[in-house]
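The values are calculated or read from the model by the stated rules, or taken from the named source; none is laboratory data. Small disclaimer: the values here were computed from a predicted structure and weren't measured. Cβ atoms come from the backbone with ideal geometry, glycine included; neighbour counts cover every protein chain shown. Surface areas here come from the heavy atoms of the whole protein model, side chains and all, with no ligands, DNA or RNA. Shrake-Rupley method; radii C 1.70, N 1.55, O 1.52, S 1.80 Å.
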Protein chains: 2
Amino acid sequence: MIPKPYLVFLGDVTEPTYTKTGFGLRDWAPEHIVGEWSLPQAKVSLGLVRLSPKDAAAAGAQAMVLGIATVGGKIPQSYVQTMVDALACGLDIVSGLHTRLSSIPELVEAAKVYGRRLHDVRQPPHAYPVGDGLKRKGLRLLTVGTDCALGKKYTAMTLARALCQRGIDADFRATGQTGIMISGQGVPLDAVVADFISGAVEYLTPEAGPLHWDIIEGQGSLFHPGFAGVTVGLVHGAQADAMILCHDPRRETIYGLPHIKIPPLSEVMRRYIELAQLTNPKTRFVGISLNTSDYPEPDALRMIKSLEAEHAMPVTDPIRYGVEDIVDLLEAEFTVAA
Amino acid sequence: MIPKPYLVFLGDVTEPTYTKTGFGLRDWAPEHIVGEWSLPQAKVSLGLVRLSPKDAAAAGAQAMVLGIATVGGKIPQSYVQTMVDALACGLDIVSGLHTRLSSIPELVEAAKVYGRRLHDVRQPPHAYPVGDGLKRKGLRLLTVGTDCALGKKYTAMTLARALCQRGIDADFRATGQTGIMISGQGVPLDAVVADFISGAVEYLTPEAGPLHWDIIEGQGSLFHPGFAGVTVGLVHGAQADAMILCHDPRRETIYGLPHIKIPPLSEVMRRYIELAQLTNPKTRFVGISLNTSDYPEPDALRMIKSLEAEHAMPVTDPIRYGVEDIVDLLEAEFTVAA
């Protein structure tokens, strides 16, 4: 468990592209962020209050998070002094970069001296078992996608939050680095060795009370020739009672791979259902999550209505219209759990 | 590339169960084995000529292979002196155990002194790319299974050998540790990080001449809740023009997981075809490989005939009856490649 709240460190970043993690934390965990810090040469800001590690610690921060991507995932030597300072002020350090914090002797030494911890969220923290598909108690929902990067994390987080607000017992289960930083725990699925993908997901979402929901962050897509293996392990490990299909209506082919077509949504859902039935024969779709950010309101609503009519389930853009219809459905149709 | 031929080292093993790798090498690469060696307390023999590392080197051996599994995959300290001796005699060392040879200082030092190499076949030797599904020239066949451990490696090796004997240009492409030891190269797919499974397979079977066959060793099963992710990455990376379904007729459920049923073979093939079409729309099954070792001859032949009639394709037990019908089909129907 990573201690919160966080100070977000942006290093010497000069382009917003490289601060996706920082913006994700700002937008999705504002209650867990006390402010931002960066080196003098940085040119990007999250628009948060600037706090030095010392001031952040005084404001209650428990950890400093590297909110940036760097070329090759390396941690520049120029960041190390700031991280040592943060450790000295009583903050843990959190990184999703490829270079491990634990490979930098100054940080290891400082962490020891000041009694703080280094969190490499790209490193799987456990040796996971091989998945066995044995039924676990509790309810599970998994977000799946026609492609990568179209809202699976945001949909899951929005839904977990909406369920909690409705008084329903639910946890967001992170499977990627940003999700792990936001929720403070999870499994970095893309870094798990192939034989243990579904076992890692079984570990991530253990047996729970019969009415407890685990809302699991999806990864990849069954239709992505590079990442489908991850998706399949995730689907089998999740044993989802319910799935939400995430889609970006602008995409007809997989992002960056114009030779790979995305099938019609009904076909996409049929394929996910077939897969998921291996470990949960009762699995079903309970909604479609559309990323309509590029469409004016009337077009977005028209698409949503049309898909609702076609697929007979709630359709929404979670950022624009929330997920209340899906929460209604979960509340109405899963009250007596298997 | 691992240099051959090999001396097989059995350590102090007392049970045949732990010598699967040694027996696999003996049965499948006898032309690459000069003999066996073990410690005095060993109780298992492969029935090969006993040669010390020195005598094996004199007989032409280039490497000593650890032909055993050990508890927890550890290399016992009692093996180290024999391995140092082997290095001193001019042999490389090959291991598929979890403990890396390169983590044992005496071996690293001896390898340096004697100018030999340590081969950890469980360690992926490369940083693989993410798979992109772009069409590569050449022909590819993948063995897939209803379950794990029912003949995918043996079927692929038998077929590759039969193609070569027929004068057809073909390579066996190993995806597991024993296969890598046998063929001297390959990708240890179960040790590749999840995001790079299909990319590793694309690397393993690169573009080739239009009539060249890569015969790819399958792994896992689409119906195994622990390993399906590996299988899916392998199917997408392989871009197989042809698949052979491997099946053990005794199994109705996944081995060790009685709660997971194996679907009918026609359904199994439909699911594999659907998956494989993502990266090769023309993929098809060209045969079924049955493990009939537990059945008397008349029963085995009856099963084979019955499945041939049902599925209209060659059915065989490669160990009992060879794979000539499948070679005939490949030769007849894939001569003009895409």
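Numbers at a glance
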{"item": "Amide H contacts under 5 Å for B:F227, placed H, 5+ residues apart", "result": "B:S221"}
{"item": "Karplus-derived HN-Hα couplings along region B:138-143 (A = 6.51, B = -1.76, C = 1.60, θ = phi - 60°), whole Hz, x at Gly and Pro", "result": "x, 9, 9, 10, 10, 8"}
{"item": "Teacher prompt: B:R250 distances to equivalent labels in other copies, 7 Å Cα→Cβ, nm", "result": "5.7"}
{"item": "Prolate/oblate/rounded call for chain B, Cα gyration tensor, a/c under 1.5 rounded", "result": "prolate"}
{"item": "Mean separation of Cα contacts under 8 Å, 6 or more apart, over the residue count of chain A: relative contact order %", "result": "15"}
{"item": "Cβ-vector label at 7 Å, B:E109, separations to other copies in nm", "result": "2.8"}
{"item": "Span-rule helices in chain B, defined as complete DSSP H runs reaching 18 Å or more along the axis (Cα) with Kyte mean at least -0.5", "result": "B:152-165"}
{"item": "The protein assembly as shown: antiparallel DSSP beta bridges as a percent of all, rounded to 5", "result": "5"}
{"item": "Candidates per trypsin sites (Lys or Arg not before Pro) in region B:1-51, loop by DSSP, up to 11 other Cβ within 10 Å", "result": "B:K43"}
{"item": "Label spacing, shortest first and in nm, from A:L329 to its equivalents in the remaining copies (7 angstrom along Cα→Cβ)", "result": "4.2"}
{"item": "Value of [θ]222 nm, deg cm²/dmol, for chain B, DSSP H segments ≥ 4, -39500 (n - 2.57) each, nearest 500", "result": "-10000 deg cm²/dmol"}
{"item": "Nonlocal amide H pairs with B:D214, under 5 Å, H built at 1.01 Å", "result": "B:L139, B:R140, B:L141, B:D171"}
{"item": "Given charges at Cβ of Lys, Arg, Asp, Glu: chain B dipole, positive-most of B:T175, B:Y295, B:L101", "result": "B:L101"}
{"item": "Among A:F172, A:F227, A:F285: highest mean-square fluctuation, GNM of chain A, C-alpha pairs under 10 Å", "result": "A:F227"}
{"item": "B:L329-A:F23 FRET efficiency (beta carbon distance; Förster radius 56 Å; 0.05 resolution)", "result": "0.50"}
{"item": "Packing rank of A:260-266, A:186-192, B:138-144, A:213-219, where each peptide gets the mean count of other beta carbons within 10 Å, highest leading", "result": "A:213-219, B:138-144, A:186-192, A:260-266"}
{"item": "Sequence-distant residues sharing a close amide H with B:M64 (under 5 Å, placed H)", "result": "B:L7, B:D92, B:I93, B:V94"}
{"item": "Accessible surface of A:V8 - all protein chains present, 1.4 Å probe, nearest 10 Å²", "result": "0"}
{"item": "Exercise: per-residue mean of other protein chain Cβ atoms within 10 Å, B:260-272", "result": "1"}
{"item": "Whether the protein assembly as shown is rounded, prolate or oblate, judged on the alpha carbon gyration tensor where a/c under 1.5 counts as rounded", "result": "oblate"}
{"item": "Dipole of region B:1-142, positive direction: furthest Cα of B:I2, B:W37, B:G131, with charges on the beta-carbon", "result": "B:G131"}
{"item": "Cut-off 18 Å, label 7 Å out along Cα→Cβ of A:S266, residues of region A:297-328 by amide N", "result": "A:303-315"}
